[in-house]
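Worksheet: one structure, shown below.
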Amino acid sequence: MRYCETDNEVKTLLDRVIRKQFIYLKKEKITFAVLLDSKVQIDTKRGSITLARIRPLSEVEGYLVQSEGAYDYFIFLDSVVWELASRKDKMRILSHELRHVYLQNEKRKTIKHDIEDFVAEVKLNADDPGWAKSLAGKAVEEVERRKEEEKE
Ligand SMILES: [Zn+2]
């Protein structure tokens, strides 16, 4: 299976990030289905591994998951990245993804960032500006290592 459910740690961290920085999402009752994605996605702009992605559920996806509670957005976390990420990195990843959320009336949308990160996030991460690059680098190495292992 390409996708798998995340553990409770993610839910706790996501809740913390929302309370700290995105309280409007709580007020708007926006909910997130978080999944681990084991298929490596390459960010062509960065020439590196994509740490995570976010997108709204399509209408049909929303309809199909109704019984498990309504979700507004999917957050996909790269499974290797997530394994290697520190707690602080995990919060940075979630914070970055939530920054993409854009609510337009009743519509759930996402906004893009031109540079590698949102200006607000760059400021928040001023203590460690290279965190994403370094984490992506580690993940690429780990993916390569596992590929080699499989060959043996
Ligand atoms: Zn992004």
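Please treat every number below as a calculation from the coordinates, not as lab data. Quantities reported herein were computed from a predicted structural model and do not represent experimental measurements. Positions of Cβ are generated from backbone atoms using ideal geometry, with glycine treated the same way; all protein chains shown enter the neighbour counts.
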Using θ = phi - 60° and Karplus 6.51 cos²θ - 1.76 cosθ + 1.60, couplings along the range 88-93 (whole Hz; Gly, Pro as x):
5, 4, 4, 5, 5, 4
Given only helices, namely DSSP H runs of n ≥ 4 each adding -39500 (n - 2.57), what is the per-residue ellipticity at 222 nm of the chain, to the nearest 500 deg cm²/dmol?
-14000 deg cm²/dmol
So if I take the alpha carbon set of the range 1-142, get Rg, then get Rh from the Kirkwood formula, what is the Rg over Rh ratio?
0.94
Starting from 0.36 nm per residue, how many nanometres of slack lie between ARG53 and VAL122 once their C-alpha separation is accounted for?
23.0 nm
Inter-site label distance for MET1 and GLU150 at 7 Å from Cα along Cβ, in nm:
1.9
So who's got an amide H within less than 5 Å of the one on GLN41, skipping anything under 5 residues away but keeping other chains? H placed 1.01 Å off N, in plane.
THR50
Per the Kirkwood formula on distinct C-alpha pairs, the Rh of the range 80-152 is how many angstrom?
14.2
If the cut-off is a Cα-Cα distance under 25 Å, which lysines reach LYS151, setting aside same-chain residues fewer than 8 apart in sequence?
LYS39, LYS138
Quick one: Karplus J couplings for the range 74-84, per residue in order, coefficients 6.51, -1.76, 1.60, θ = phi - 60°, nearest Hz, x for Gly and Pro?
9, 10, 9, 10, 5, 5, 6, 4, 5, 5, 8
Between the alpha carbon centres of the range 82-117 and the range 121-152 the gap in Å comes to 17
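Using r as the Cβ-Cβ distance of LYS133 and ILE111, and R0 as 22 Å, what FRET efficiency do you calculate, to the nearest 0.05?
0.50
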If I model a spin label at GLN41 and LEU64 as a point 7 Å from the Cα along the Cα→Cβ vector, what separation in nanometres do I get?
1.7
